[in-house]
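Colleague: Just passing along the structure, written as structure tokens.
The values are calculated or read from the model by the stated rules, or taken from the named source; none is laboratory data. Keep in mind that this is a model prediction, so the values were computed, not measured. Note that we place each Cβ from the backbone using ideal geometry, even for glycine, and neighbour counts take in every protein chain shown.
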Amino acid sequence: MFITLEGPEGSGKTTAIKYAVSELKKRGYEIVETREPGGTSISEQIRNVILDKENKAMDPRTEALLYAASRRQHLVEKIWPALKEGKIVICDRYLDSSLAYQGVGRGIGTKNILNANLFATEDTWPDLTILFDIDPTVGMERIAANSNREVNRLDLEEMEFHKKVREAFLKLAKKYKKRYVVIDASKPLEEVEKEVLDIILKRL
Ligand code: TYD
């Protein structure tokens, strides 16, 4: 089972998944936790190029292709082998982030992003996508309050950009109803954590 976590900045998805992972492990499931961009050495190197605050000259399509390249390497080295071994893969962001951030946020168009990503992923889609929905104003406040969280190039975008990204995710959730579940991520952490576990257990 391939599960992806999506949402705007500061939605708390990375923190909220921890509880579900530990509960699933207790129940004997083998879980591979990973993230995008990154997850393997080559993909993490690409991540550093994408998110470097100094790379102000980066062209939007270059950015989109780097995300897709990082994704491909991650699939080849980590996700496909784990799925083949029957493990549950939980990936913090995947293709939908490219559709929302590059397709809509950057205005490249979701069709263009989809095409690049079909090439990169050979049509590999998650079985379940959990969208941690939150007003980006609240999300950015959370990031500002969390001194451990590193601020990256995408975080530095205007609020309008993040609002577009949120709307894009909600639209994707409607379009891909079968694999999407939307959570209200503004709720207290304990509630969100339990909801995530419930959602995954139901799908298993
Ligand atoms: P990260 O620090 O992992 O952020 P978060 O905790 O919010 O997931 O940085 C990843 C950034 O890259 C984030 O701003 C979202 C962005 N992103 C894209 O723009 N396109 C993509 O395809 C992916 C995977 C991420």
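Colleague: Ser147 is checked against (1) over 16 Å from the mean Cα position of the chain (by Cα); (2) surrounded by 15 or more Cβ atoms within 10 Å (Cβ to Cβ) and fails just one. What number does that condition carry?
Modeller: Against the list (1) over 16 Å from the mean Cα position of the chain (by Cα); (2) surrounded by 15 or more Cβ atoms within 10 Å (Cβ to Cβ), Ser147 comes up short only on (2).
Colleague: Which one is surrounded by the fewest Cβ atoms within 10 Å (Cβ to Cβ), of the residues in the stretch 22-45 that are in a helix (DSSP H, G or I) and within 16 Å of the ligand (Cβ to nearest atom)?
Modeller: The extreme case among them is Gln45.
Colleague: Same structure, new question: Of all residues in the stretch 115-132, which are charged (D, E, K, R) and under 20 Å from Lys202 (Cα atoms)?
Modeller: Matches in the stretch 115-132: Asp127 only.
Colleague: Is one or more of the residues making up the stretch 89-109 surrounded by fewer than 17 Cβ atoms within 10 Å (Cβ to Cβ), within 15 Å of the ligand (Cβ to nearest atom), of a type outside the set (D, E, K, R) and free of Cβ contacts under 8 Å to residues at least 40 places away in the same chain?
Modeller: Checked the stretch 89-109: at least one residue is surrounded by fewer than 17 Cβ atoms within 10 Å (Cβ to Cβ), within 15 Å of the ligand (Cβ to nearest atom), of a type outside the set (D, E, K, R) and free of Cβ contacts under 8 Å to residues at least 40 places away in the same chain.
Colleague: If I filter the stretch 9-32 for residues that are touching a helix residue (DSSP H, G or I) at 6+ places or on another chain (Cβ under 8 Å) and closer than 18 Å to Leu118 by Cβ, do I get at least one hit?
Modeller: There is no residue in the stretch 9-32 that is touching a helix residue (DSSP H, G or I) at 6+ places or on another chain (Cβ under 8 Å) and closer than 18 Å to Leu118 by Cβ.
Colleague: Which condition does Asn48 not pass, out of (1) more than 21 Å from Leu118 (Cα to Cα); (2) within 12 Å of the ligand (Cβ to nearest atom); (3) at pLDDT 95 or above; (4) not in a helix (DSSP H, G or I), if it passes all the others?
Modeller: (4)
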